[in-house]
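Notes for the one structure printed next.
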Amino acid sequence: VAVALSAARVLVVIPTYFEAANIDGLLTGVRRHLPDADVLVVDDGSTDGTVEAVRARAATDARLRLLERRVKGGLGDAYRAGFARGLDEGYEVIVEMDADLSHDAVYLPELVSAARLGADLVVGSRYVPGGSVQGWSRRRWWLSRWGNRYAALSLGLAVNDCTSGYRAYRSSMLRELDMATVSADGFAFQVEMTYRVVRLGGRIVEVPIVFRDRVAGTSKMSSAIVVEAFWMVTRWGLRDALTLARRRRAYR
Ligand SMILES: Nc1nc2c(ncn2[C@@H]2O[C@H](COP(=O)(O)OP(=O)(O)OP(=O)(O)O)[C@@H](O)[C@H]2O)c(=O)[nH]1
Ligand SMILES: [Mg+2]
């Protein structure tokens, strides 16, 4: 079994939207820390040179590919497209990470090996001992920290960082959770995916990461994304509470 697992094929999916300042450095890091993995960049029509930078590297790196989409479809949609491709092509572990250098490639081997050892979802976590955030304002940190606590409490998730976008999935779990019906987009996408893994009884492992705020390029975070996450979590939480109450009544 150990031999079969260590030969597992790994795909790293990286969504990009105007990341010309960061993408080259990121791809260098990915290659350094995960030389044997395949990489799929999913770009939504960046016109700042991101696409050209990826193409230039792909010319000499057969394991790097670019999936180009014409219009900005949002982060969730980019992941749905990238993951679908990875599942079609039979990868065993699928990793997701941001292109803005917030996610240090140094953690990739640890994320992948935890998935190979049997975790269905490995979360690169800022909020476990050893994990942290560098460069955020107090307000941003507070929003993320309490947003995570609120989601975990509402949905019964024993996960400290369910909004993290630095993760590895076993593809068997991705297949089971039926991505096509995952509706959320921003942070809520990460929360919804975590919620589904928990409901399916998947094994989740958190690996501490030091997250660095983006230095170059512009953030696509907006208050709409935060509001979307808040309402989705609240809605699902209430629905779960109602279901539980109904079941209790039925047993009485
Ligand atoms: N393909 C694609 N990628 C996107 C889209 N929106 C964001 N991204 C990428 O998704 C990753 C995360 O986006 P960020 O802008 O860093 O969002 P964030 O990390 O929540 O916000 P910051 O903390 O401000 O960086 C980056 O690699 C973006 O380039 C999109 O609509 N399509
Ligand atoms: Mg970012």
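The values are calculated or read from the model by the stated rules, or taken from the named source; none is laboratory data. From a predicted model like this one, the values you see are computed outputs, not experimental measurements. We place every Cβ from the backbone using ideal geometry, glycine too, and count neighbours over all the protein chains shown. Surface areas here come from the heavy atoms of the whole protein model, side chains and all, with no ligands, DNA or RNA. Shrake-Rupley method; radii C 1.70, N 1.55, O 1.52, S 1.80 Å.
Assorted remarks:
- Basic side chains Lys and Arg get +1 at the Cβ, acidic Asp and Glu get -1 at the Cβ, and with that the dipole of the chain about its Cα centre reaches some 1220 debye.
- Point-charge dipole on Cβ atoms (K/R +1, D/E -1) for region 67-110, about Cα centre, debye to 20: 360
- Cα gyration tensor category, rounded, prolate or oblate, for region 42-108 with a/c compared to 1.5: rounded
- Counting protein heavy atoms only, region 1-82 has 56 percent of its accessible area on carbon and sulfur, 1.4 angstrom probe.
- 1.4 Å probe accessible area per residue over the chain, in Å²: 49
- Given +1 at the Cβ of Lys and Arg, -1 at the Cβ of Asp and Glu and no other charges, the dipole of region 73-195 around its Cα centre is 580 debye to the nearest 20.
- Region 90-181 - percent of accessible surface contributed by carbon and sulfur, probe 1.4 Å: 55
- ARG9/SER137 FRET efficiency (R0 41 Å; Cβ-Cβ; nearest 0.05): 0.55
- Charge tally in the Cβ shell below 14 Å around ARG32, where Lys, Arg are +1 and Asp, Glu are -1, ARG32 excluded: -1
- Fraction of beta bridges assigned by DSSP in region 92-219 that are antiparallel (%, nearest 5): 45
- Net charge over other residues, Cβ less than 13 angstrom from the Cβ of ARG139 (K, R count +1; D, E count -1): +2
- Relative contact order for the chain: 23 percent, from Cα pairs under 8 Å spaced at least 6 residues apart, divided by residue count.
- The Rg/Rh ratio of region 199-239, with Rg taken over Cα atoms and Rh as the Kirkwood radius over Cα pairs, comes to 1.11.
- Building the convex hull from the alpha-carbon atoms of region 174-247 and averaging its projection over directions returns 7.1 nm².
- For region 32-180, the convex hull drawn through the C-alpha positions has a volume of 148 cubic angstrom per residue.
- Inter-centroid distance (Cα atoms) of region 143-193 relative to region 69-83, Å: 17
- Geometric descriptor of the chain, per residue, is 136 Å³ (volume of the convex hull of the Cα atoms).
- Adding -39500 (n - 2.57) for every DSSP H run of four residues or longer, then dividing by how many residues the chain holds, sets the calculated 222 nm ellipticity at -14000 deg cm²/dmol.
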